[in-house]
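Have a look at the structure below, then the notes.
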Amino acid sequence: MDKASFVARFGGIYENSPWIAEAAFDLERGPAHDTATGLHSALTRIFRSASPEQRLAVLNAHPDLAGKLAQAKRLTENSTAEQASAGLDALTDEERASFEDLNRRYVEKHGFPFIIAVRDNTKPSILAAFKRRIENDRETEMAEACRQVERITELRLKDLLP
């Protein structure tokens, strides 16, 4: 696979951050990287070795959960499916108001959107994590958000590769 094809196929694994796939393509790769686990390792090495500003940009590339982009149907295909899997596309007015309030407060405190591997959760567990994690300090929460991004990418890759 040439670089353009690789980036076209895997550039969206890290939400709106094709530079990670571009850099991973330039790594030494072998047969072990032809699996979801192997490719996840290569992409994750790029993400983890990025500057704090670059990692923050990846976090900020993620949409709010059940936020305005979802309501306007402007999420990426992956994010739309992931949010729908936990019922975040079918919230009551009260649930929507709760998510909007939590999203606003979380971004004000931490400077990036709340990120969680939705497919590992349910609507109640997402709300519980949201309420718990909003209390974290920024450094703790940035580390947790990065772990969640890595889990999201792992799940996305497992959908594409063996």
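The values are calculated or read from the model by the stated rules, or taken from the named source; none is laboratory data. Predicted model only: the values in this text are computed from it and were never measured. FYI the Cβ positions are ideal-geometry reconstructions off the backbone, even for glycines, and counts take in every protein chain you see. When the accessible area is computed, the model is the full protein with side chains, heavy atoms only, and any ligands, DNA or RNA have been set aside. Shrake-Rupley method; radii C 1.70, N 1.55, O 1.52, S 1.80 Å.
Condition first: more than 16 Å from I13 (Cβ to Cβ), open to solvent by less than 70 Å² (accessible area, probe 1.4 Å) and touching a residue at least 24 places away in the same chain (Cβ under 8 Å). Now tell me which residues in the stretch 137-162 satisfy that.
Once the filter is applied, which keeps residues that are more than 16 Å from I13 (Cβ to Cβ), open to solvent by less than 70 Å² (accessible area, probe 1.4 Å) and touching a residue at least 24 places away in the same chain (Cβ under 8 Å), the stretch 137-162 yields E141, M142, A145.
Just checking, does the stretch 35-55 include any residue being modelled with pLDDT under 85 and not β-branched (V, I, T)?
no
From the list L88, L69, which one is open to solvent by less than 40 Å² (accessible area, probe 1.4 Å) and at pLDDT below 85?
L88
I'd like to verify a number: residues in the stretch 19-52 that are in a helix (DSSP H, G or I), among the charged types (D, E, K, R) and over 25 Å from A145 (Cβ atoms), how many?
Looking only at that region, the number is 1.
Considering (1) under 22 Å from A145 (Cα atoms); (2) open to solvent by 70 Å² or more (accessible area, probe 1.4 Å); (3) part of a helix (DSSP H, G or I), say which one N16 fails and leave the rest.
The one condition N16 does not meet is (3).
Yes/no per residue for (1) at positive phi; (2) at pLDDT below 90; (3) aliphatic (A, V, I, L, M):
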site	(1), (2), (3)
T92	no, yes, no
E95	no, yes, no
S98	no, yes, no
L102	no, no, yes
F112	no, no, no
D120	no, no, no
I126	no, no, yes
A129	no, no, yes
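If you go through the stretch 105-153, how many residues are part of a loop (DSSP other than H, G, I, E, B) and of a type in the set (F, W, Y)?
2
Check V58, V7 and return the single one that is free of Cβ contacts under 8 Å to residues at least 40 places away in the same chain and either of a type in the set (G, A, S) or part of a helix (DSSP H, G or I) (or both).
None of the other options fit; the residue is V7.
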